[in-house]
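In what follows, a structure is listed as structure tokens, so that the remarks can point back to it.
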Amino acid sequence: MKRYLIFCLFISGIISSVYCSNDTAISKIIIFRESNLNGSLNAYKIYANDSLIVNLKNNSYFSFDCRTGIYKLKINRDNKTELEVKAEKGRTYYIRFGLQSGFLSNTAELMPMDSAYASRKIILSGLKKVDRSTVSDFYYRNRIGVNLGIGFGFENFKMFTINSPDSFSKISFGGGYSIGINYARELNKHLDISLAVNYQFSLLIPYINNATTTFRRGAVSITPAYLILLDANNNKKFRLGIGYDFYFDNHLIINGSKVPLCFDAVWIYKTAHGFHVSATYNMTLFDRLNLDYGLKYYYVYYSFDSGYHEQSLGNMLKPNGSGLDFVLGISYKF
């Protein structure tokens, strides 16, 4: 049955090229994209003479009628991908969309194919026809999402002795874990700005059974960032940012009453100001869903404000809260 369909598709192309009249000087261009795991989640915008004709998804094809003349096909208006098709009346042209793998990015290309090969691929591979009514050339500049982080602080403070006088469970005022929400807007092709609100907390390392200590804080961050595009379709990019941090609700919570000569206490630290530098890799999972991951360095010092047993503060009076985090985020574009 499939062989019969291939034969019919091939013959219909020949018949249309022979019998098409001058009154119906219509040609046909068929662009197809075979199934491929590489870049499979992303759709690519195909333009003909600078007009968007289709968002081509993985394992699909698009067919459109055109009058005789020259058609310059491009992927995402990238001149490097341009393919010129000189359409003659009654003929059908097959164009294959392909992806060449590279380091962190793919190179998209358009290649003319013969009708026998193309017809066979379209039928046997079960490519799905794309409806032009779903085409949109709107670029979503805003995004909102959630982000997670895990890392370590640059300074650790001794809290409890474990096993021997030289072994301690320690707390850091940096690092630990974080969760938050963020909003961002792309200002232009190479610049965006984001606002994030995070809740962060650090725990004792190593963990002990009879005592806990947690340093919790909130942080508001503003980050202008420079964007380095990695592919023509704007699906992959590096984001290099540097920004300001405001820390609030800073509490060190000590539960040590079960340990001899120790105590329970809550030490409050003043609001603090700092800065951060981040480098993240961004990729589009689906048309409007983004994934980010990378590293974030931040610098901040805290100052003690109030609390019981402050005589035990020692070098925690003005602790260093700087650290390095691995960050992971997912966001929705709108």
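The values are calculated or read from the model by the stated rules, or taken from the named source; none is laboratory data. Just so it is clear, the model here is predicted, and its values are computed rather than measured. All Cβ positions, even for glycine, are placed from backbone atoms using ideal geometry, and neighbour counts span all protein chains on display.
Structure above, values below:
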read-out	value
First in region 112-134 and of a type in the set (D, E), second anywhere and modelled with pLDDT under 90, Cβ under 8 Å, 6 or more apart	none
Options L252, L324, L291; residue that is out of contact with any Lys or Arg (no Cβ under 9 Å at 6 or more places or on another chain) and either in a strand (DSSP E or B) or in the same structural domain as I228 (by TED's automatic domain parsing) (or both)	L291
Conditions (1) at pLDDT below 95; (2) touching a Gly at 6+ places or on another chain (Cβ under 6 Å); (3) assigned by TED's automatic domain parsing to the domain that holds K236: number failed by I162	(2)
Residue that is nearest to N42 (Cα to Cα), among those in region 294-321 that are in a strand (DSSP E or B) and in contact (Cβ under 8 Å) with a residue 60 or more places away in the chain	K296
Residue within region 266-282 that is outside any strand (DSSP E or B) and more than 16 Å from the chain's Cα centre (by Cα) present	yes
Members of region 189-204 that are in a strand (DSSP E or B) and within 17 Å of the chain's Cα centre (by Cα)	L191, D192, I193, S194, L195, A196
Selected residue (only one of Y226, Y207 is in a strand (DSSP E or B), in the same structural domain as L328 (by TED's automatic domain parsing) and not charged (D, E, K, R))	Y226
Residues of region 124-151 classified as among the aromatic types (F, W, Y) and closer than 19 Å to I29 by Cβ, total	0
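Every residue, every condition in (1) outside the structural domain of T280 (by TED's automatic domain parsing); (2) surrounded by 15 or more Cβ atoms within 10 Å (Cβ to Cβ); (3) modelled with pLDDT of 95 or more; (4) at positive phi, yes or no:
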| residue | (1), (2), (3), (4) |
| --- | --- |
| S167 | no, no, no, no |
| I171 | no, yes, yes, no |
| L191 | no, no, yes, no |
| N198 | no, yes, yes, no |
| S202 | no, yes, yes, no |
| T212 | no, yes, yes, no |
| A219 | no, yes, yes, no |
| I222 | no, no, yes, no |
| N233 | no, yes, no, no |
